[in-house]
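Each value in this text was obtained by applying a stated rule to the coordinates, not by laboratory testing. None of the values given here were measured: they were computed from a predicted structure. Heads up, the Cβs are rebuilt from the backbone with ideal geometry, glycines too, and the neighbour counts pull from every protein chain shown.
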Amino acid sequence: MDKDEFGISRGKPVRRRQPLPRSFKDLTPCKHFNPRTFFYELVWKALLTPRTGERMRPKFPKLTHGQVALTWIGHSSFLAQFTDLNVMIDPNFANWLFLLKRIRRTGMKLRDLPHIDLILLTHAHFDHFHRPTLRRLHAKIGIMPWGMRDLAANLGFERIIELQWWESFVHKDWKVTLVPSQHWGARVLRDNQRGYGGFLIEHQGRSLYHAGDSAYFPGFKQIGKLHSPEIAMLPIGAYFPDSFRKVHMGPDEAVKAFVDLRSKWFVPMHYGTFKLSFEDINEPLRWLKELVGAQGLNRNLKVLHEGQPIVF
């Protein structure tokens with residue numbers, strides 16, 4: 001594949017056949033821990049942690065042209081609202097993902113959502129592509145990376161759009177572009193033909209960027225140079241032990257990504273909802289606030305609370 005000046009491929013990654021796993025450790029991107037450690041850190045600790053947060057009927061704002069409202073559902077799930085377009089990104093209302101317990105409630109019930117026009121799915125992992133949630137949303141259009149159409153075919157979409165990196169889909173007066181990330185897209189064993197990435201949404205003169213899951217990589221500078229998105233939704237959790245940083249960012253790297261993107265607003269995500277790694281569930285946000293304060297970026301940070309719309 002051709003690469004640009006940042007060393008990022010501009011097309012679909014080459015497919016490579018993966019060997020069959022020899023143990024549980026081969027089913028994860030980080031092979032440093034054993035099943036006992038996995039169960040204790042990610043399952044048992046979460047079971048002992050009381051679920052917090054309340055579900056309340058949301059008060060969605062009445063917007064004027066050019067305004068956008070963001071509502072965090074938790075984890076990486078957001079509702080983005082314009083005057084004429086409601087977008088869900090990686091919707092997930094699950095209380096459990098197999099053995100993984102949801103620690104923070106969604107802030108609202110799924111039935112309280114407005115009509116959803118468009119769903120964006122960054123990749124096929126179970127915490128981002130939650131089939132029971134998707135079935136209940138009845139969105140007309142679903143946009144996702146390459147290789148995911150078969151997963152979405154029976155979920156009620158009228159139209160499914162698959163994109164490769166840097167490809168865009170334009171409808172009416174809005175535009176969605178799939179941009180690179182440093183992650184992986186497989187849903188099950190050897191399911192390595194599926195894509196992954198982040199999304200740039202452009203509508204009514206506003207631009208929103210959702211990074212999906214990603215490690216820190218030079219692509220953030222490229223996205224910032226080409227698009228400079230106004231609002232950046234960036235993951236800050238699931239970074240410890242350090243081997244997790246091959247596919248995720250910690251708060252320190254998320255701040256670097258925010259600067260690279262040249263964005264105005266930093267909206268953190270991918271923390272506090274499911275225990276997916278070994279750091280304390282409250283540590284990512286605490287550390288982020290410390291770093292942002294030290295770098296004079298307090299006015300740029302927008303910490304959302306589940307189920308509470310914020311107008312930008």
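For the reader, a short list of remarks on this structure follows.
- Coupling constants for region 206-218 follow from the phi torsions by the Karplus curve (6.51 cos²θ - 1.76 cosθ + 1.60, θ = phi - 60°), and in residue order they are 10, 9, 10, 10, 10, 7, x, 9, 6, 7, 6, 7, x Hz; glycine and proline get x.
- In Hz, Karplus ³J(HN,Hα) per residue of region 128-139 (6.51, -1.76, 1.60; θ = phi - 60°; x = Gly, Pro): 10, 10, 9, 4, x, 5, 4, 4, 8, 8, 6, 6
- Each residue of region 41-52 was assigned a 3J(HN,Hα) from its phi angle through the Karplus curve 6.51 cos²θ - 1.76 cosθ + 1.60 (θ = phi - 60°); the sequence is 6, 9, 9, 5, 4, 5, 4, 7, 8, x, 6, 10 Hz, with glycine and proline shown as x.
- Sparse packing (at most 15 other Cβ atoms within 10 Å of the Cβ) combined with a DSSP loop state is found for the following chymotrypsin sites (Phe, Trp or Tyr not before Pro) in region 36-99: Phe98.
- The charge dipole of region 120-279, taken about its Cα centre with unit charges on the Cβ of Lys, Arg, Asp and Glu (plus for the first two, minus for the last two), comes to roughly 280 debye.
- DSSP beta bridges in the chain [antiparallel fraction, %, rounded to 5]: 60 percent
- Sequence-distant aspartates and glutamates (8 or more away, or on other chains) whose Cα lies within less than 17 Å of Lys101: Glu41, Glu54, Asp127, Glu279, Asp280, Glu306
- Summing +1 for each Lys or Arg and -1 for each Asp or Glu among the other residues whose beta-carbon sits under 14 angstrom from that of Arg111 gives +4.
- Charged neighbours of Leu288, selected by a Cβ distance under 15 Å, balance to -1 (K, R count +1; D, E count -1).
- With Cα atoms defining each centre, region 280-300 and region 115-171 are spaced 32 Å apart in the structure.
- The C-alpha radius of gyration of the chain, expressed as a fraction of 2.2 N^0.38 Å, stands at 0.94.
- On the basis of the beta-carbon distance and an R0 of 35 Å, Ser228 and Asp191 show a calculated FRET efficiency of 0.55.
- Cβ-defined net charge surrounding Ala124, 9 Å radius [Lys, Arg +1; Asp, Glu -1]: +1
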